[in-house]
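The values are calculated or read from the model by the stated rules, or taken from the named source; none is laboratory data. Note that the structure is predicted; figures quoted are calculated from it, not measured. Every residue, glycine as well, gets a Cβ built from its backbone with ideal geometry; the counts of neighbours run over all protein chains shown. To get the accessible areas, we keep the full protein, side chains included, count just its heavy atoms, and leave off ligands, DNA and RNA. Shrake-Rupley method; radii C 1.70, N 1.55, O 1.52, S 1.80 Å.
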Amino acid sequence: MPLLVEGRRVRLPQSAGDLVRAHPLLEERARLLRGQSVQQVGPQGLLYVQQRELAVTSPKDGSISILGSDDATTCHIVVLRHTGNGATCLTHCDGTDTKAEVPLIMNAIKSFSHHAQCGRLEVHLVGGFSDDRQLSQKLTHQLLSEFDRQEDDIHLVTLCVTELNDREENENHFPIIYGIAVNVKTAEIYRASFQDRGPEEELRAARALTGGPMISIYDAKTEQLRIGPYSWMPFPHVDFWLQQDDKQILENLSTSPLAEPPHFVEHIRSTLMFLKKHPSPTNTLFPGNKALLYKKNEDGLWEKISSPGS
């Protein structure tokens, strides 16, 4: 079954701009989202989702009330929600394997759904800009096409991507919105930035930088964040990259050097340092090849719990 806007089938392929022009309600929603001021989201009750990660939970979750992600330049942040049971999935897609990722997102939500439930599936796509290499445009097209290919009716509620999320300054283009959060209890989606991107921020970033696929990081039944065990090949020429200046790192390791947030280079450097320190993570980071488990404590902050079976 198809992708729908206001109950009508979407005609694809067309650009994000054409799509919203055909559906004034989508255009209005994108305008309202762009016009919001950015909210700083604290760590309490937050589950931060990094690139190539997905997390899904529902309003019944006693630990997590907010899912969020930021630092999206050419990437898109996708929120899929079931209006009947409130199950909500947030993921940060970079276009590596959209064909495989959309079914993962769908299955994550369906694992919560009981078919008798009333309600519908709603999708929100945010991120990207009019970048030189047209990576955002390509990702927008892939996501719309893949959601359109799914068996279920999916209602496109928010489309604030690529040219709809673009601003121009001195002939350079930048995203307007870099990050969003979704309140799992109220379904509100808003512009956000995050001080705390943990736990295990460097380890999770290292997995993405070495080409790990999209994975689910949270078990809503146990309310535990589950990291690993991961393995990766030693990062090629890691010493060479660590010797480069900021400009070289920015130009070679970013999809959109001019549009990156200010902490991008520092983040890449610390991730490369981490990869140098842990060329084969299985032994050093995951003793006994067990996952690292985290749970929220009474203050709403992540706390490490012992590995399963230990």
Legend entry - Cβ-Cβ under 8 Å pairs, at least 6 apart or on other chains, the range 277-292 side assigned to a loop (DSSP other than H, G, I, E, B), far side exposed (fewer than 14 other Cβ atoms within 10 Å of the Cβ): H278/T284; P279/P234; S280/P234; K290/P308; K290/G309; K290/S310; A291/P308
Inset, instruction - Name the single residue, out of those in the range 8-47 being of a type outside the set (S, T, N, Q), in contact (Cβ under 8 Å) with a residue 40 or more places away in the chain and assigned to a loop (DSSP other than H, G, I, E, B), that is most open to solvent (accessible area, probe 1.4 Å). - result: P13
Inset, instruction - Identify all residues within the range 262-305 that are crowded, with 16+ Cβ neighbours inside 10 Å and within 29 Å of S136 (Cβ to Cβ); write none if there are none. - result: F264, V265, H267, I268, R269, T271, L272, F274, L275
Inset, instruction - Taking the options F174, F112, name whichever one is within 27 Å of L47 (Cα to Cα) and either at pLDDT 95 or above or touching a Lys or Arg at 6+ places or on another chain (Cβ under 6 Å) (or both). - result: F174
Inset, instruction - Taking only the range 220-254 into account, find how many residues are within 28 Å of I109 (Cβ to Cβ) and either open to solvent by 60 Å² or more (accessible area, probe 1.4 Å) or not aromatic (F, W, Y) (or both). - result: 10
Inset, instruction - Only residues that are under 15 Å from P261 (Cα atoms), open to solvent by 50 Å² or more (accessible area, probe 1.4 Å) and not in a strand (DSSP E or B): list them for the range 162-188, please. - result: Y178
Legend entry - Residue within the range 48-58 that is crowded, with 18+ Cβ neighbours inside 10 Å, under 11 Å from the mean Cα position of the chain (by Cα) and basic (K, R) present: yes
Legend entry - For L67: the one exception among (1) crowded, with 16+ Cβ neighbours inside 10 Å; (2) part of a loop (DSSP other than H, G, I, E, B): (2)
Inset, instruction - Filter the range 125-149 down to residues that are of a type outside the set (D, E) and without any contact (Cβ under 8 Å) to a residue 60 or more places away in the chain, then give me how many there are. - result: 8
Inset, instruction - Please go through the range 215-259 and pick out each residue that is within 17 Å of the chain's Cα centre (by Cα), assigned to a loop (DSSP other than H, G, I, E, B) and modelled with pLDDT of 95 or more. - result: I217
Legend entry - Criterion (out of contact with any strand residue (DSSP E or B) (no Cβ under 7 Å at 6 or more places or on another chain), buried (at least 16 other Cβ atoms within 10 Å of the Cβ) and basic (K, R)) met by exactly one of R207, R191, R149, R197: R207
Inset, instruction - Among the residues of the range 107-135, write down those that are crowded, with 19+ Cβ neighbours inside 10 Å and among the aliphatic types (A, V, I, L, M). - result: A108, I109, L121, V123, L125, V126, L135
